[in-house]
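Chemist: Pasting a structure below so you can have a look.
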Amino acid sequence: MSDSLRVGVAGVGTVGAAVTRLLARQADALASRTGRKIVVTAVSARDPGKERDADLKGCEFFADPVALAASPKIDLFVELIGGAEGPARTSVETALAHGKSVVTANKALLAAHGLELAALAEEKHVALAFEASVAGGIPIVKTLREGLAGNSIERVYGILNGTCNYILSRMEREQLSFEQCLAEAQKLGYAEADPTFNIGGFDTAHKLSILTSLAFGVRIAPEAIEIEGIERVSLADIAAAGELGFRIKLLGVAQRTAEGVEQRVHPTMVRKTTPIAEVMGVLNAVTIDADAVHELTLVGPGAGGEATASAVVADIADIAKGVRSAPFGVPTAALGELRRAPTRHHEGGYYIRLSVPDVPGAFAGIATRMAERGISLESIMQHGGARRGADRAAQRQAAGEALRSVILITHATSEYLVREALDAIYADGVIDAPAQVIRIERE
């Protein structure tokens, strides 16, 4: 092992610049902790003349990140380009093939190609480290892979997207609509111009697929995740949740069941008394249910240059010390195939909001359909002035027929029974607009 570790950084945007600053600021402390000097010797950027919030004097510039990955002038390649394909994938593959360890923050790349990359890293006896790919500055990867190695994990779930948590938090605190909060998130830079990847739950799903592999020793399977975003969450749902003692969060949940591993991303009602319910704004949180530690919750910044750089530098320091763990906790060949548990078999409580005509027998018909499937109701709330749907609801309004918002909270039941009951209610013509259904996560 040489006295210094030469680092090449591909991508010197917000996170890349923060990584170089942090390495420079903590140079002496890192040298003491690792026994080696860590030096950024080269970077890759499309525009070498662009002003950056980092001192890159003395660094060699590469226009092509693949050329940087293959360069004999670096020992460690840091990929901060982003994306599952293109230069990000090719450059990581090139670095590993040339016997260089890799640090990446790229959850999309890992969700799509993590297993192949991990196998290549193992073949070349180098490290593939990705602490920054999930939950920013929260050390969840090391916690699952190493800190809880003596535990059997039953469930891992959390708030994995700061944009969604910011929107839901502001809706609750300031009684602003989803559309208003999204516009503000875009203005502040928390959400992209096209926010679909975040608010649609896809970013959370990529991260969840990585956590599932680490927690349960299975191959990454993002296609096995049921995904629902927060676009349909309304102020009516936020208010009802608060009245019932809940708070709505977008959660990614992976859980071991008798039928296999259940993976789901969706808006969830969590009791206000739980630690994860108290996580507001752009913060992230991950809760782990395990046999020895029981419940462990980690909270911290899930994005931003400094927080993400903290995780990247932690991985760099491990590699400088000679630490090389199997990327997913066990050798890739030992990872099991994920046996997918159908989400429709998920059992738990449900929040159901319906717009029901205020006429005799309407609610009785709904209750009958629920009872026919053995669905027990824990509580019922009614509010006037429900928003009307299109056509039929407009006709009812013109005829002077009022609609009421009816909220049902069920005892534990299975999702397929809830969906069956709702299909029967739709077929009866009792309601016009689709019901809002939000799962209630057990404590």
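Chemist: Which label belongs to the value computed from this structure, given these candidates for Rg/Rh (Cα atoms, Kirkwood Rh): (1) 1.00; (2) 1.04; (3) 0.98?
Modeler: (2)
Chemist: Counting helices only, and only those DSSP H runs with n ≥ 4, report the 222 nm mean residue ellipticity of the chain as the sum of -39,500 (n - 2.57) divided by its residues, in deg cm²/dmol to the nearest 500.
Modeler: Helices in the chain give a 222 nm mean residue ellipticity of -11000 deg cm²/dmol.
Chemist: Please figure out what share of the DSSP beta bridges in the chain is antiparallel and state it in percent, rounded to the nearest 5.
Modeler: In the chain, approximately 65 percent of DSSP beta bridges are antiparallel ones.
Chemist: Here's another thing I want to ask about it. I need the calculated FRET efficiency for the pair residue 196 and residue 3, taking r as the beta carbon distance and R₀ as 45 Å, to the nearest 0.05.
Modeler: My answer for the efficiency is 0.40.
Chemist: Given a 10 angstrom Cα cut-off, can you work out which residue in 38, 316, 159 is the most mobile in a GNM of the chain?
Modeler: 38
Chemist: Another question about this same structure. Do the alpha carbons of any pairs in 37/142; 107/187; 187/272; 142/321; 37/73 sit beyond 21 Å of each other, and which pairs?
Modeler: 37/142; 107/187; 187/272
Chemist: Label residue 146 and residue 173 with points 7 Å out from Cα along Cα→Cβ: what is the distance between them in nm?
Modeler: 3.5
Chemist: How far is it, in nm, from the label point at residue 367 to the one at residue 183 when both lie 7 Å from their Cα along the line to the Cβ?
Modeler: In this crude label model, residue 367 to residue 183 measures out at 4.2 nm.
Chemist: Now for a separate question. Probe radius 1.4 Å, ligands and nucleic acids left out: which of 379, 32 has the largest accessible area, and how do the rest follow?
Modeler: 32, 379
Chemist: Using the per-residue mean of other Cβ atoms lying within 10 Å as a proxy for protection, in what order, highest first, do the peptides 180-187, 11-18, 65-72 fall?
Modeler: The most tightly packed comes first, giving 11-18, 65-72, 180-187.
Chemist: Taking Cα centroids, how far is the stretch 274-333 from the stretch 399-443 in Å?
Modeler: 37
Chemist: Which of the chymotrypsin sites (Phe, Trp or Tyr not before Pro) found in the stretch 194-300 are loop residues per DSSP with 15 or fewer other Cβ atoms within 10 Å of their Cβ?
Modeler: The qualifying sites: there are none.
Chemist: Using a Gaussian network for the chain with springs between C-alpha atoms less than 10 Å apart, which of these wobbles most: 132, 424, 111?
Modeler: 424
Chemist: Note down the accessible area of residue 298, probe 1.4 Å, to the nearest 10 Å².
Modeler: 30
Chemist: Under 12 Å from the Cβ of residue 365, count the other residues' Cβ atoms, weight Lys and Arg +1, Asp and Glu -1, and hand me the total.
Modeler: Around residue 365, the surrounding residues sum to -1.
Chemist: Compute the FRET efficiency between residue 97 and residue 278 as 1/(1 + (r/R0)^6), taking r as their Cβ-Cβ distance and R0 = 45 Å, and round to the nearest 0.05.
Modeler: Computed FRET efficiency for residue 97 and residue 278 comes out at 0.50.
The values are calculated or read from the model by the stated rules, or taken from the named source; none is laboratory data. Nothing here was measured: the structure is a model prediction, and the numbers come from that model. Virtual Cβ from ideal backbone geometry, glycine too; neighbours counted across all protein chains shown. Areas reflect the complete protein model, heavy atoms only, side chains present, ligands, DNA and RNA absent. Shrake-Rupley method; radii C 1.70, N 1.55, O 1.52, S 1.80 Å.
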